[in-house]
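Note sheet for the following structure.
The values are calculated or read from the model by the stated rules, or taken from the named source; none is laboratory data. Remember, predicted model here, so these are calculated numbers, not experimental data. So basically every Cβ, Gly included, is an ideal-geometry build from the backbone, and we count neighbours across all protein chains shown. Ligands, DNA and RNA are excluded from the accessible area calculation, which covers all protein heavy atoms including side chains. Shrake-Rupley method; radii C 1.70, N 1.55, O 1.52, S 1.80 Å.
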Amino acid sequence: MGLFSFFKKKKKKEAEEADNIQEEIRRETAEISQEASEASQEVEEQQPEKGTVQVPQSDTEGNHAADEKPQSDAAIRQAEEEKRRAEDEKRRVEEQRRQAEEERRLAEAEEEKRLAEEERRQAEEEKKGLEKSLKKTKEGVFGRLARAIAGKSKVDDDVLDKLEEALILSDVGPNTTIQIIERIEKRVATDKYMNTSELNRILKEEVASMLAENKGSDSGYFEAPENGDPYVIMVVGVNGVGKTTTIGKLANMFKKQGYKVMLGAADTFRAAAIDQLKIWSDRAGVDIVAQSMGSDPAAVAYDTIASAKANHSDVVIIDTAGRLHNKVNLMNELTKIKKVMQKIVPSAPQEILLVIDASTGQNAIEQTKQFTEATDVNALAVTKLDGTAKGGVVLGISNEFNIPVKYIGVGEKIDDLQIFDKEQFVDSLFNF
């Protein structure tokens, strides 16, 4: 996950250095060519024109010309030698240029091969981690599904009722569950499926198809703004969902991608929140701006953005209060934070990330609803998938909200945060 941005920057820098070297070689080649041309012209000027006979006007002039002839011959030989050396130097520089280009091509091919291997290895590790984190959910859904179809020769209404129950208990959500069941009913209307594996395959295909139709579930890596402004992520969510931990993991992820990261501890209502974020900044090896408990959160956010811009940070992650008295207070606080950040970076925050806990099941969907009504949430992070059988909530949120699930937490380690890949998620959920 996510080495390409770092190596993209590195590769761009190496390409620029190689271009500078080639430009220097071209300049030297041009200078040598000029010297060779001048030497050739000097030889031609010193040689008499074809068909011209120089006749001395007097004995004195003849003697003088005779004296000058050896000198002229020596000058011609010297000019020819300089021309030859210039041509040899030109060939040498051309060979150096050719070798440099070949070495650059081979180095690029080797780097691409290494990157591809690294991405393949990392993808395999992520898939294993995802499958492990979804183990409880898989056992819950498909354990119930196996019991529902046991002894059945076809998929009938009873099987579909039990499948519906299994999906609901896995917190896929009623709306998404109904859509899945309706899709399967259309498939079994004309065909008969005799065993669990067939029904599993159909279920996988229909869930994948449903998520593919939901463009809101598309996500990916971002590119830092080209104008030098940092990419600002404002993180929201209730206390206890893993918000601070997610911020630390995000900081670690972005740093590994080659970005310069700065954190802002704007959750000033809890001293523990500030202390925890400092610990995570140390673990990730990134800078942090923090003030004392009770400070104005907007002031912390402002200072963070100002410091990030002055220090040329690429990514800024702002923590916010996990709980306020009511939705109006929440809206007012977040709006105030956004406005002060925009005084320095007009486009900030480019991302408002809502963190939700998968283990809370339907409460996670309700939290998503509440926060999307309070502020302009445009990305979701679903945490604690590894400790729950309610991983189906990811499917429900992906399907019901026009907001991408961008990150999923699959463990407690600092690297246990993945960019959500809906195809990989479905494949891992239905893989046996």
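Between residue 412 and residue 366, the simple spin-label model (points 7 angstrom out along Cα→Cβ) gives 2.8 nm.
For residue 357, the residues whose amide H sits under 5 Å from its own are 383, ignoring neighbours fewer than 5 places away on the same chain, with H placed 1.01 Å from N. Separation of segment 107-139 and segment 392-432, taken as the distance between their Cα centroids, equals 15 angstrom. The residue 94 and residue 20 beta-carbon pair, evaluated with R₀ = 22 Å, returns a calculated FRET efficiency of approximately 0.75. Each Lys or Arg adds one and each Asp or Glu subtracts one; over the other residues with Cβ under 14 Å from the Cβ of residue 310, this totals -2. Given a 1.4 Å probe and every protein chain left where it sits, what share in percent of the accessible area of segment 307-432 is carbon and sulfur? Ligands and nucleic acids excluded, carbon and sulfur reach 46 percent. Ordering 401-410, 172-181 by mean Cβ neighbour count within 10 Å, with the highest value first, yields 401-410, 172-181.
Converting phi to 3J(HN,Hα) with the Karplus coefficients 6.51, -1.76 and 1.60 and the offset θ = phi - 60°, segment 313-321 yields 6, 8, 10, 10, 10, 9, 7, 10, 4 Hz in sequence order, with x at every glycine or proline. With a Förster radius of 51 Å applied to the C-beta separation of residue 162 and residue 306, the computed FRET efficiency comes to 0.30.
State whether segment 217-340 is rounded, prolate or oblate according to the following rule on the C-alpha gyration tensor (a ≥ b ≥ c being the square roots of its eigenvalues): a/c under 1.5 gives rounded; otherwise a/b larger than b/c gives prolate, and the remaining case gives oblate.
rounded
Here the 3J(HN,Hα) profile of segment 373-381, calculated from phi with Karplus coefficients 6.51, -1.76 and 1.60 at θ = phi - 60°, is 7, 8, 8, 8, 5, 10, 7, 10, 10 Hz, Gly and Pro shown as x. Tell me which residues come under 5 Å, amide H to amide H, from residue 415 once H is placed; ignore anything under 5 positions away on its chain. Residues meeting the amide H criterion: none. Across segment 172-179, rounded Karplus estimates of 3J(HN,Hα) from the backbone phi angles (6.51 cos²θ - 1.76 cosθ + 1.60, θ = phi - 60°) give 5, x, x, 5, 5, 4, 4, 5 Hz, Gly and Pro being marked x. Amide H to amide H distances under 5 Å link residue 287 with 261, 263, where only residues 5 or more positions off or on other chains count and H is placed in the peptide plane. Going down the table (136/255; 162/204; 369/390; 138/186; 249/406), which pairs top 20 Å between alpha carbons? Among 136/255; 162/204; 369/390; 138/186; 249/406, the Cα-Cα distance tops 20 Å for 136/255; 138/186.
What nm value, rounded to one decimal, do you get for the distance between residue 85 and residue 283 when each label is placed 7 Å out toward the C-beta? About 6.7 nm, to one decimal.
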